[in-house]
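Just so you know, all these numbers are worked out from the coordinates, no wet-lab data involved. Treat the numbers as computed from the prediction; the structure is a model and nothing was measured. So basically every Cβ, Gly included, is an ideal-geometry build from the backbone, and we count neighbours across all protein chains shown.
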Amino acid sequence: MSAVEEVRDTVTAFPARAMAASLNRAEPFHDATPLPPLWHWFHALKLYPLAEAGVDGHQALGHFLPDLGLPRRMWAGGRFTFHRPLEVGAEVVRRSQVSKVEQKEGRSGPIAFVTVAHRWSDVAGLLIDEEQDIVYRRADAPPGATQPAPEGETLSRTMSAGPVLLFRYSALTFNGHRIHYDRDFCAVEGYDGLVVHGPLLATLLIDLLRIEGGRLPKTLAFRAMAPVTADTPFALCARIEGDSARLWVRRQDGIQAMDATATLT
């Protein structure tokens, strides 16, 4: 187990208001207003000097995340238990620790998976248990295999994410990863456009569940399966069955970009 990283923050209204505005909504956020699920990612952000940024724009490996000799890294998925929401005005703390490192040989060469455990709390106790999965690949790793997305959704929203939305989300989450704003870097890494953040897609799926479905998750697990590029239409999809939901992102070409499951309040 690695050392524990601790970040403290005061939940302010501006990031939530900015996210709502970026989704073309004017939701009120004032003191004691609960944040929607996954909007906690706008708070308790780790700030690092620009001198520590790696070639890809993230903090260079070897500071908190281990350097495994595989330079390409992506947020591959995560799991959450939502005990209570963060509220505007609250003092919160995020405690993070690398909990697992797994290295293996994949179809296209060496690959590694790093799991980071986050525990969010306030003065009253635990707010969120979160596990983040990060995949490491070699610099010249080819694209992964894809599969068709399912049908049968009962909720859906078709949209695209343009460069301005990607820029705003990167700013709100202090995410310097160049695949979200640097087209030349995207081409070097094998993408045919700016890449939509995996966490943004997960956030939009839960937004679909909250706005169109009127439900909130108690637990959530999501897995990124294929990239979505900027200005390319995609469908947010969900199927609710009782107190559980299956959620997914279907690209315009029919490929599944994300898969998720949730239990509901």
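Among L45, L50, L65, which is the only one that is crowded, with 17+ Cβ neighbours inside 10 Å and either aliphatic (A, V, I, L, M) or touching a strand residue (DSSP E or B) at 6+ places or on another chain (Cβ under 6 Å) (or both)?
Answer to the check: L65.
Out of everything in segment 249-265 that is within 17 Å of I206 (Cα to Cα) and among the hydrophobic types (A, V, I, L, M, F, W, C), what residue ends up being farthest from the chain's Cα centre (by Cα)?
Among them, the one singled out is L264.
The conditions are (1) in contact with a strand residue (DSSP E or B) (Cβ under 8 Å, 6 or more places away or on another chain); (2) more than 29 Å from V114 (Cβ to Cβ), and F14 fails exactly one of them. Which is it?
The one condition F14 does not meet is (1).
Which residue pairs have Cβ atoms closer than 9 Å, lie 6 or more positions apart in sequence or on different chains, and pair a first residue in segment 84-99 that is within 19 Å of E6 (Cβ to Cβ) with a second residue that is in a strand (DSSP E or B) and aromatic (F, W, Y)?
L86/W120; V92/W120; V93/W120; R94/W120; R95/W120
Residue-by-condition table, conditions (1) within 24 Å of R79 (Cβ to Cβ); (2) out of contact with any helix residue (DSSP H, G or I) (no Cβ under 7 Å at 6 or more places or on another chain); (3) hydrophobic (A, V, I, L, M, F, W, C):
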| residue | (1), (2), (3) |
| --- | --- |
| S160 | no, yes, no |
| V164 | no, yes, yes |
| F174 | yes, yes, yes |
| A226 | yes, yes, yes |
| D243 | yes, yes, no |
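Before we move on, is A21 at positive phi, under 20 Å from the mean Cα position of the chain (by Cα), small (G, A, S) and surrounded by 11 or more Cβ atoms within 10 Å (Cβ to Cβ)?
So A21 does not fit the description; no.
Just checking, which of E27, E52 is under 30 Å from R138 (Cβ atoms), without any contact (Cβ under 8 Å) to a residue 12 or more places away in the chain and more than 21 Å from the chain's Cα centre (by Cα)?
That would be E52, the only listed residue that is under 30 Å from R138 (Cβ atoms), without any contact (Cβ under 8 Å) to a residue 12 or more places away in the chain and more than 21 Å from the chain's Cα centre (by Cα).
Pick from segment 127-151 the residues that are closer than 25 Å to R72 by Cα, of a type in the set (D, E, K, R) and assigned to a loop (DSSP other than H, G, I, E, B): which of them is farthest from the chain's Cα centre (by Cα)?
Top of the filtered list is D140.
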